[in-house]
Amino acid sequence: MSSANRANSPRQKMINLMYLVFIAMMALNVSSEVLNGFELVDESLRNSTEIGTNRNAIVFGELEQYYQTNPEKTEVWYEHGKKVKELSDSLFLYAQTLKESIVKRADGEDGNINDIRRKDDLEAASVIMLSPALKGITEQQPKTLFDYTEGKAQGAQLKKAIDYYRETVAAMIPDTTKRRIIQSSLSTDISRKNSTLNKNWQEVMFENVPVVSAITILSKLQSDIRYAEGEVLSNLIDNIDVGDFRVNQIKAYVIPQSHVVVRGGQYSANLVLSAEDSTQRPKIFVNGRELPTSQKGLFQVGTSSTGTFPIKGYMEVTRGDGSVMKREFESEYIVVEPNATIAPTMMNVLYAGIENPIKIAVPGFAGPNVSATMTNGTLTRNGDVWSARPSKVGQEAIISVTAKMPDGRTQEMAKTAFRVRALPDPLPYIEYKDANGNVRKFKGGAFAKSSLIAAEGIKAAIDDDLLNVNYTVLRFETTFFDSMGNAIPEISEGSTFSQRQKDYIRRLSKGKRFYISRVVAKGPDGIERTIPTIEVIVN
């Protein structure tokens, strides 16, 4: 079985892009939509790993068959195959044990890795991977071929095991390109940014990360283990002259570098037969067109939209008697958005009386297949952006998100409750232009007389970086003082200075002050509010 084209850089690029998403989530309370997104990625990784495990079993079975048929010729390759299989199974099982320990730390002894309850727990992974080994953890470790030290943090032991495994299996790959891909995918080096923070590999990967993220990281490690194992076994098969043996079963396989792709990236898959004649390449037809022979079985397609996409076709190879053998294949890949929505629970607030923009996305599903409803208000869609307009203050607004499955059924993906509050009071200000022509907002204190004279009147708004809501000023009052200190109030109906108010302003000398008070403003929620006073000192 040959895998001459299975190792390609796009796979590693896609894996790296996935890790950018994982690392960006670390140390954050993420929303249920994002946690569910991690579960989708983890499920896809486990499915891909299962395919790799089955494929490797087939290859190792062929290696065993060759050894039984001609042990003298194949003994060296068979012993190498046994070693890489034992190492791979050992490290794979250790990663699985760590996953189970993390889940049990989060959910209790009845924790189930297939049904994680506390997905957002930020403590479990740190305790298991970074703290000195807890009582019972060492006893849970499976028998392995690695040298583990009792009482040592599991993260450090895992790094040591990965380093040993990586260098051992890479040494069995003569192809430098494939060797570099394996070394890169199993690398425990850390980025320059993290090295400046004095963090080691295990701290970067497992410190303060949600349980579901830690499980996904370990699932990715298991996928890389099976990938490396497959490359070594295939290379060992390639070193045997298969012409000495009869092949009694030939199957077509789709070997994707990942079933999950971020939109804008590239989906890559090798389309191969489980037994290959090195003197000829099969004709490959995928999704209705023939794959050029120059691509050597590598199928690539751009990903401009999200969703689930099929890979279906067949291969043709000419037998020695001239007849044509045909083998069909079928698979699929998922394209997801390259972003995540982060919504800490304490910030789940909607404001009554205005349109609150909300981003709703379900990883793996295109926008048209995603629907949402809302209680206590209305929810409308405009492309990828939704607007929520709550009705009653003090009553929760619950947004439910559903997605249309590939089989046509509708499934609820998330349900989030938002607190509904009234809009806060705006602040009054005088709008003016500085010496450079830039528009500024004066909210009190010393104010240049020239800018004050040029100002038209009073405005009001909420502009605290979280909200940007303009209000309409209905009326306001200015209070000036004569030479005897007597207050002289002047009322303006509307937002502009009256002529009398402007005359008083022009007569003010430097250092004099007046007050703008009883400012009444009306917001988009229709409520009239009296807002704070501005003190103006002529400069």
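Consider only pairs whose beta carbons are under 6 Å apart and that are at least six residues apart or on different chains; among these, list those whose first residue lies in the range 450-477 and is acidic (D, E) and whose second residue is assigned to a strand (DSSP E or B) and open to solvent by less than 90 Å² (accessible area, probe 1.4 Å).
E456/T496; E477/P489; E477/S517
For T472, work out the one condition from (1) outside any strand (DSSP E or B); (2) hydroxyl-bearing (S, T, Y); (3) surrounded by fewer than 16 Cβ atoms within 10 Å (Cβ to Cβ) it doesn't fulfil.
(1) is the only condition that T472 fails.
When you scan the range 513-532, do you find a residue that is open to solvent by 80 Å² or more (accessible area, probe 1.4 Å), in contact with an Asp or Glu (Cβ under 7 Å, 6 or more places away or on another chain), among the aliphatic types (A, V, I, L, M) and not in a loop (DSSP other than H, G, I, E, B), even just one?
no
Can you run down the residue pairs with Cβ atoms below 7 Å, 6 or more apart or on separate chains, where the first is in the range 83-102 and closer than 16 Å to I116 by Cβ and without any contact (Cβ under 8 Å) to a residue 60 or more places away in the chain and the partner is in a helix (DSSP H, G or I) and open to solvent by less than 40 Å² (accessible area, probe 1.4 Å)?
That search, which allows pairs on different chains as well, returns S101/I128; S101/I137.
Looking at (1) open to solvent by less than 10 Å² (accessible area, probe 1.4 Å); (2) at pLDDT 85 or above, find the lone condition where S3 falls short.
Tallying (1) open to solvent by less than 10 Å² (accessible area, probe 1.4 Å); (2) at pLDDT 85 or above, S3 fails exactly one: (2).
If Y429 satisfies all but one of (1) modelled with pLDDT under 90; (2) in contact with a strand residue (DSSP E or B) (Cβ under 7 Å, 6 or more places away or on another chain); (3) not polar (S, T, N, Q), what's the number of the condition it fails?
(1)
Kindly evaluate L423 against the criterion of being hydrophobic (A, V, I, L, M, F, W, C), part of a strand (DSSP E or B) and surrounded by 13 or more Cβ atoms within 10 Å (Cβ to Cβ). Talk me through it step by step, then tell me what you get.
On the way: hydrophobic (A, V, I, L, M, F, W, C): yes; part of a strand (DSSP E or B): no; surrounded by 13 or more Cβ atoms within 10 Å (Cβ to Cβ): yes.
Here the answer is no, as L423 does not meet what is asked.
Residues in the range 108-124: is at least one in contact (Cβ under 8 Å) with a residue 12 or more places away in the chain, open to solvent by 80 Å² or more (accessible area, probe 1.4 Å) and either touching a Gly at 6+ places or on another chain (Cβ under 6 Å) or in a helix (DSSP H, G or I) (or both)? Quick ask: steps written out before the conclusion?
Pass one, the range 108-124, residues in contact (Cβ under 8 Å) with a residue 12 or more places away in the chain: 113, 116, 118-124.
With the extra rule that they be open to solvent by 80 Å² or more (accessible area, probe 1.4 Å), the set shrinks to 118, 123.
Cutting the leftovers down to either touching a Gly at 6+ places or on another chain (Cβ under 6 Å) or in a helix (DSSP H, G or I) (or both) gives us none.
No - not one qualifying residue is present in the range 108-124.
Of the residues Q222, Q257, which single one is open to solvent by less than 60 Å² (accessible area, probe 1.4 Å), at pLDDT 90 or above and under 27 Å from M172 (Cα atoms)? Before the answer, list the steps.
Working: Q257 fails: at pLDDT 90 or above.
Q222 is the lone residue from the list that is open to solvent by less than 60 Å² (accessible area, probe 1.4 Å), at pLDDT 90 or above and under 27 Å from M172 (Cα atoms).
Which of (1) free of Cβ contacts under 8 Å to residues at least 40 places away in the same chain; (2) closer than 30 Å to T533 by Cβ; (3) part of a strand (DSSP E or B) is the odd one out, the single condition G437 does not satisfy?
The number of the failed condition is (3).
Take the residues in the range 368-385 that are open to solvent by 30 Å² or more (accessible area, probe 1.4 Å) and either of a type in the set (D, E) or not in a strand (DSSP E or B) (or both), then tell me which one is modelled with the highest pLDDT.
T375
Return the residue satisfying two criteria in turn: it lies in the range 132-147 and is in a loop (DSSP other than H, G, I, E, B) and open to solvent by 40 Å² or more (accessible area, probe 1.4 Å), and of such residues it is modelled with the highest pLDDT.
Filtering the range 132-147 for residues in a loop (DSSP other than H, G, I, E, B) gives 132-136, 141-147.
Narrowing the set further to residues that are open to solvent by 40 Å² or more (accessible area, probe 1.4 Å) leaves 132, 134-135, 143, 145, 147.
Details: P132: 73, L134: 54, K135: 47, K143: 47, L145: 51, D147: 49.
My answer is P132.
Which residue, of T168, T177, is of a type outside the set (D, E), open to solvent by 60 Å² or more (accessible area, probe 1.4 Å) and touching a residue at least 12 places away in the same chain (Cβ under 8 Å)?
Values: T168 fails: open to solvent by 60 Å² or more (accessible area, probe 1.4 Å).
Matching residue, one of T168, T177: T177.
Could you count how many residues in the range 37-75 are among the small types (G, A, S) and more than 26 Å from P363 (Cα to Cα)? Let's see the steps before the verdict.
Initial filter on the range 37-75 (among the small types (G, A, S)): 37, 44, 48, 52, 57, 61.
From what is left, the residues that are more than 26 Å from P363 (Cα to Cα) are 57, 61.
Result for the range 37-75: 2.
The values are calculated or read from the model by the stated rules, or taken from the named source; none is laboratory data. Every value quoted in this text rests on a predicted model; they were computed, and no experiment measured them. All Cβ positions, glycine included, derive from the backbone under ideal geometry; neighbour counts span all protein chains shown. The area values use the complete protein model at the heavy-atom level, side chains included, leaving out ligands, DNA and RNA. Shrake-Rupley method; radii C 1.70, N 1.55, O 1.52, S 1.80 Å.
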